[in-house]
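Below is one structure, written out as C-alpha cells, with a few remarks after it.
Just so it is clear, none of the values below were taken in a lab; they were calculated from the coordinates. The model shown is predicted, which means the values in this text are computed figures rather than measured ones. Glycine gets a Cβ as well: all are built from the backbone with ideal geometry, and neighbour counts include every protein chain shown.
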Amino acid sequence: MKASQFLVSTLKEAPADAEVVSHQLMIRAGMIKKLGAGIYNYMPMGLRVIRKVEAIVREEMDRAGAIELTMPVVQPAELWQETGRFAKMGPELLRIRDRHDRDFVIQPTSEEVVTDIARQELRSYKQLPKNFYQIQTKFRDERRPRFGLMRGREFIMKDAYSFDRDPEGAQRSYQNMALAYRKIFDRFGLRYRAVAADSGAIGGDLSEEFQVIASTGEDAIVYCPNSNYAANLEKAEALAPTQPRAAASQPCTPVPTPGRSTCEQVADLLGVPLSSTVKSLVLATDQGDEHGQVKATQVWLLLLRGDHDMNEVKVGKLPGFEGGYRFATVAEIDEHFGCKPGYLGPLNLRQPVRIVADREVAVMADWICGANQADMHIRGVNWGRDLPEPALVADLRNVVAGDRSPDGLGELAIERGIEVGHVFYLGTKYSQAMSATFLDETGKPQPMQMGCYGIGVTRLPAAAIEQNHDERGIIWPDAIAPFTVVVCPIGMDRQPTVREAAEQLHDQLAALGVDVMLDDRGERPGAMFADWELIGVPHRVVISDRGLKEGQLEYQHRRESQATQVPATEVLAFLRQKLGL
C-alpha cells in the first residue's frame, strides 16, 4: 500500500471531549471519527485494525468448531418478551416500532434469536452439540457514552452460543471456548488475565472475564501472585476472619460527634483506627402484587467495617434480595431510625429492621457506630451484650489488597483491567423460557443446555492502546497493527535511487504477505516520522540517499528509542527475522 493511495489523516491535538488515552490517540491517528454520542465512523486506518481482530477471532472460532452465521441487528420484540427481557432489561435496550406499530429492538446481544434458531433446527440429540457465532454490530443505549470505543453505544461484537444435551456436555463446550479465548488473546500479543466473574444480567452459573491489563482500566482485577487464583472485584470472596471475637473490654458509651457524619471523621475525632468503626447502610426490598404495585417493604440494615466498601453484586445475592433492592428513602430511614443518615446504627431503633453483618463485623468487639441521634455515636458496642448476635452473617464487602486468597495460597493483590471478553455457562435459562427442546434417545423432549461467549471486537483496539502507548502515540502489537512495516523514504521525489530502493523493498515485503506501507507523500522527515509514531506502526525502515551511498538503511522498532543501521543488502533478511517469517 502507498500512502498517496490511502487516507492518512492525523491531528496534532485531540478534541476536548476525548477523556482517555485510547480515545485521544484513535481520533488523532485518524482511526475513528465521531458521528454522534457514542457512535463513530471507523476510518480506513482504524478499520484495518478491526478487520485484523476479526480475522484472528474468526480463525480460532472456526478451529474450535463453531459455525458462523449472522443475525439481524433489528429483532422482533416477541422473542425478547418470551424471556421477559423486553421489560426487564431497562433503557439500555433500544426499543423501536415499525410503520405497523409492531415492537422491535436494536440488538445488544442475541440469546433470544439464536435460541429461536436452535429450537427450529436442532430437534434431535444426534444434532448436538452445536456452537453458532457471529461478528455483528450491536447497540446499547448507554446513559453516558464515553471514552470513545471503550464505552460507546454502537459497537462490533463477536458473540457465540453453544447448545448441548446435558450439563456435562455444556461444560465441555464452555471449556472448549475458554481455551479458544486464551488462544485468541495470546495471538493479540496483549497482557491479559482470565478471571472468575459474576454473570450479571445475562444470567448463568459459570463465568469468566478476559481482562486486558491497563492502569487506566475501569475494572479491578483481584489475583494471588502465588497461585492461579483470579477474579474480578464483584466476584472475589472475602474470607471470614480466622481469629475468634475478642471479649468486651469497654463499656457501651454514647459520645458526642458534632458534625462528624462519616466513619473517617469519627475515627479522626476519637483518635482510633478506622477499622474499629462500623458503617450502617440502609436498604429496602419491595414485594409487589400481580399488577406490579408495591404491597410490602422490608427495611434492612447492613453493617460493614468503616474501612470497607459494600459489594453490590454480593448483596444482591443475599436471601431476601433476589427480587432486587434499593437504598432506603429518607422517610423510611426516619421511620425506623428516627435520625438522618450519618449517625445511624443498630441500637435504639424506632422500628425493627433486619440486620446483616459482614463477616468482619461479626467478630469485632468494642466497635463504634451511630447512636441514631444527631451528632452522637456509641463506642464500646459488643455483640451479645449490647445487641443480639446477628441473625445473618455474610460476605458483603469488596476485598482489599492483603486479604487472604480464597485458595489459601497467599495474599491477594489488585490491578486494573479492561474487559474485552466474557464466557458464560447459561444452563437452561433461555431454552426453558423459549421451549427450545430436543428429543433424547428415548424420544422425550429435553431442554438444551446453553453457553454464550462474547468478545468486544471494537473495544479491543482501544484496550490495546491503553496498554501500549507512549508520549509519541500508539504502539501496536504486530498482530493487530494497521500496517506492520512502514517504509519512509527521504527525498523520494528528488532522488531516483531512493525511490527505486523504497519501491523494491515495499514490493518484496508485499510479496511475502507483509502489510507494508510506503510513505510516498513527500513529507519532511520529522512530520513523516511523527505521523507513523502516532499511528503506531511497529516496524519502520528509513531510506535516504546518504544511507544508500554508505550501503546502510535505518531500522527502528516503535518501542525503541534509537535506530539500528542495517546493510542495504541484508535488510529483507533482517526484517524477515524480526517479523518471524
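Which whole-percent values make up P(r) of the range 424-532 when all C-alpha to C-alpha distances are grouped in 5 Å steps starting at zero? Result returned by the calculation: 2, 10, 12, 12, 11, 9, 7, 5, 5, 6, 6, 5, 5, 3, 2, 1, 0. Once the Cβ-Cβ distance of Val272 and Glu92 is raised to the sixth power relative to R0 = 60 Å, the FRET efficiency obtained is 0.85.
The simple spin-label model puts a point 7 Å past each Cα toward its Cβ; for Ala530 and Gln446 those points are separated by 6.6 nm.
Between Ala401 and Lys2, the simple spin-label model (points 7 angstrom out along Cα→Cβ) gives 5.4 nm.
Report the GluC sites (Glu not before Pro) located in the range 512-577 that are in a DSSP loop and have at most 15 other Cβ atoms inside 10 Å of their Cβ, or state none. The qualifying sites are Glu550, Glu560.
Å³ per residue of the Cα convex hull, for the range 253-394?
Output value, Cα hull per residue: 100 Å³.
The calculated FRET efficiency for Gln171 paired with Arg143, based on their beta-carbon distance and R0 = 41 Å, is about 0.70.
Between the range 225-292 and the range 334-413, the C-alpha centres lie 5 angstrom from each other. Applying 1/(1 + (r/R0)^6) with R0 = 41 Å to the Cβ-Cβ distance of Gln265 and Arg51 gives a FRET efficiency near 0.15.
Restriction of the GluC sites (Glu not before Pro) in the range 282-345 to DSSP coil positions whose beta-carbon has at most 14 other beta-carbons within 10 angstrom yields Glu290, Glu322. Remark: C-alpha extents of the range 28-149 on the principal axes read 53, 42, 24 Å, sorted largest to smallest.
Compactness of the range 166-251 is given as radius of gyration and Dmax, 18.0, 63 Å, from Cα positions. The label point for Val330 and the one for Val74, both projected 7 Å from the Cα toward the Cβ, are 4.6 nm apart.
Annotation: extensible slack from Gln432 through Asp62 equals 130.4 nm (criterion: 0.36 nm per residue apart, minus Cα-Cα distance).
Per 0.36 nm of contour for each residue apart, how much would the distance between Phe321 and Gln508 grow if the chain were fully extended, relative to their Cα-Cα spacing?
Here the answer is 60.8 nm.
For Asp219, the amide hydrogen comes within under 5 Å of the amide hydrogens of Gly417, Glu419, counting only partners 5 or more places away or on other chains and with H modelled in the peptide plane. Just how many % of Cα pairs in the chain lie over 39 Å apart, if you round to the nearest whole percent? For the chain, the share of Cα pairs beyond 39 Å comes to 45 percent. Across every direction, the projection of the convex hull enclosing the Cα atoms of the range 483-579 has a mean area of 5.5 nm².
Dividing the summed helix terms, -39500 (n - 2.57) for each DSSP H run of n ≥ 4, by the number of residues in the chain produces a 222 nm estimate of -7500 deg cm²/dmol to the nearest 500.
Of the GluC sites (Glu not before Pro) found in the range 202-257, the ones in coil according to DSSP and having at most 15 other Cβ atoms within 10 Å of their Cβ are Glu218. Dimensions of the range 47-104 from C-alpha coordinates, computed as largest minus smallest value along each principal axis and given longest first, are 41, 26, 22 Å.
Taking 0.36 nm per residue of separation and subtracting the Cα-Cα distance, full extension of the segment from Glu500 to Asp286 would add 69.3 nm. Taken over the range 303-368, the ratio of Cα radius of gyration to 2.2 N^0.38 Å equals 1.19.
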